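Taking it in order: structure first as C-alpha cells, then the write-up.
The values are calculated or read from the model by the stated rules, or taken from the named source; none is laboratory data. Keep in mind that what you see is a predicted model, and the values were worked out from it rather than measured. Neighbour counts are summed over all protein chains in view; Cβ atoms, including those assigned to glycine, are modelled from backbone coordinates with ideal geometry. The area values use the complete protein model at the heavy-atom level, side chains included, leaving out ligands, DNA and RNA. Shrake-Rupley method; radii C 1.70, N 1.55, O 1.52, S 1.80 Å.
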Amino acid sequence: MMDQSKKVSFKNLIEAEYRKIMFLKFSKNFLVALIMISLSLGLIFSLTTNMTDGRSIGELSPKDIVSASMLGIDAAAMMLIIFTAILISSEFSTKLIYTSLAGTPNRKRFYYSKLMIYCLFAMIISLMVTLTTFVAGQLVLVFNGMPMASLKDHCLIQLIIGSAIMPVFYCMLTVASTFIFMSSPGGITFSFVVLLIPALVRMFPLSVQKLMMPILPQSAIHSLSGTASASSYELLGNRTSIVLLFIWIGITSAIGIFQLKRKDI
C-alpha cells in the first residue's frame, strides 16, 4: 500500500507541475513566440547562405539547406532556458514554494517531479520545432526548384535526432541550475555559459581545447547529430556522448537537490 500511495503522490505532483506550466497565459504566449522565432530564424539561415556560408542556395546540397534551416533549434534551446528559469524561480520569488513543499515534504521527490515534467515538456516543444524547421527547409528547396532532402539519408536522420536532443538537455540543465542558484538570473546565466563556452575554448591553444572540448555538452550534442568534424576534439562516440550528457544532468541535479534540502524554505 505504501508503494502505491507513493506512486499516486508522484503522479499528482506531475499533474500539478503540468498545470503550472500550461495554464498560465504567459506560458502559452511564450511558447507560441518560441516556435515562431525558431521557424523564422531557420528560414533566415537557409535563405541567406550566401552571407553565412559564402555559397548560394544552388551551390549547396539539399541536406545543407535543411541543416541551415534547423539552426532555428538553437534559438528554441535558448528560449527554453529563459522560460524554464523564469517559471521555476517564480515559485521562490512569490513564496509559492512554501505551499508546494508543505504538501510534498520529500524534497527530492519534489525536485524530480519538476525535472520529469520539464523534460517531457521540452521533448514535445523540441519535436514541434524540429519538425517545423525541417519542413521549412524542405519548402525552401521546393521553391528553389531543388530536390527535397531524403529521409533515407542516415546522416540526415542523425542530424534530426541529435538536434532535437539539444533543447531537452538545456531545459533539464536549467531546471537543475535554477535550483542551485534559486533565481532565474543564476539559472539562465549558468545554462548560457555552458552553451556558449565552447566558442571561448576555441580561442585557447590546442592543448586546452584537447582537454576541455571532450567534456563539454556541446561536443556530445554535435557528435550525436553528426556535425562534429573528424579532426575536431568534439568528436565522441554515441555511447560516450549520451553518458556525458547524463553525467552533466546528474551532477547538476545532485547539487540542486542538495541546495533544496539545505535551504530553509
From the protein chains alone at 1.4 Å, what is the descending order of accessible area for Arg239, Arg55, Arg107, largest first? Arg239, Arg55, Arg107
Taking a ≥ b ≥ c as the square roots of the eigenvalues of the Cα gyration tensor, with a/c under 1.5 meaning rounded and otherwise prolate when a/b exceeds b/c and oblate if not, region 9-146 is prolate
Angle in degrees between helix 238-262 and the longest Cα principal axis of the chain, rounded to the nearest 10: 30
What list of ³J(HN,Hα) couplings, whole Hz, do you get for region 212-217 from phi and the Karplus terms 6.51, -1.76, 1.60, once you set θ to phi - 60° and write x for glycine and proline? 8, 4, x, 9, 8, x
Ignoring ligands, DNA and RNA, how do Lys108, Lys210 rank by accessible area with a 1.4 Å probe, largest first? Lys210, Lys108
How much accessible area per residue does region 10-262 have, counting only protein heavy atoms and a probe of 1.4 Å, in square angstrom? 49
Can you pull the one-decimal nm distance between simple spin-label points at Ile161 and Leu196, each 7 Å off the Cα toward Cβ? 3.2
Take the solvent-accessible surface of the protein heavy atoms, probe 1.4 Å, and return the percent of it on region 10-262 that carbon and sulfur atoms account for. 71
Could you work out how far apart the two model spin labels at Lys263 and Lys11 are, taking each label as a point 7 Å from the Cα in the direction of the beta carbon, and quote it in nm? 3.1
Multiplying the sequence separation of Phe143 and Ser207 by 0.36 nm and subtracting their Cα-Cα distance, what value in nm do you get? 18.5 nm
Tilt, helix 25-47 to longest principal axis of the chain (alpha-carbon atoms), in degrees rounded to tens, equals 20
For an R0 of 41 angstrom, estimate the FRET efficiency from the Cβ-Cβ distance between Met116 and Arg55 and round to the nearest 0.05. 0.40
Going by Cα centres, region 155-200 and region 8-73 are how many Å apart? 14
Once the dipole of the chain is set up from charges on Cβ (+1 Lys and Arg, -1 Asp and Glu), the residue from the list Ser207, Tyr118, Leu34 lying farthest towards its positive end is Tyr118
Which sequence of Glu234, Glu15, Glu59 reflects their accessible areas, 1.4 Å probe, from the largest down? Glu59, Glu15, Glu234
Note on the chain: contact order normalised by length, alpha-carbon pairs under 8 Å, 6 or more apart, percent, works out to 21
Can you give the helix-only mean residue ellipticity at 222 nm for the chain, where every DSSP H stretch with n ≥ 4 adds -39500 (n - 2.57) and the sum goes over all residues, rounded to the nearest 500 deg cm²/dmol? -26500 deg cm²/dmol
The size of the Cβ-based charge dipole (Lys, Arg +1; Asp, Glu -1) of region 77-177 about the Cα centre, to the nearest 20 debye, is 420
Gained length - Thr99 relative to Thr189, 0.36 nm times residue gap less alpha-carbon distance: 29.7 nm
For Ser90 and Leu235, calculate 0.36 nm times their separation in residues minus their Cα-Cα distance, and state this gained length in nm to one decimal. 48.4 nm
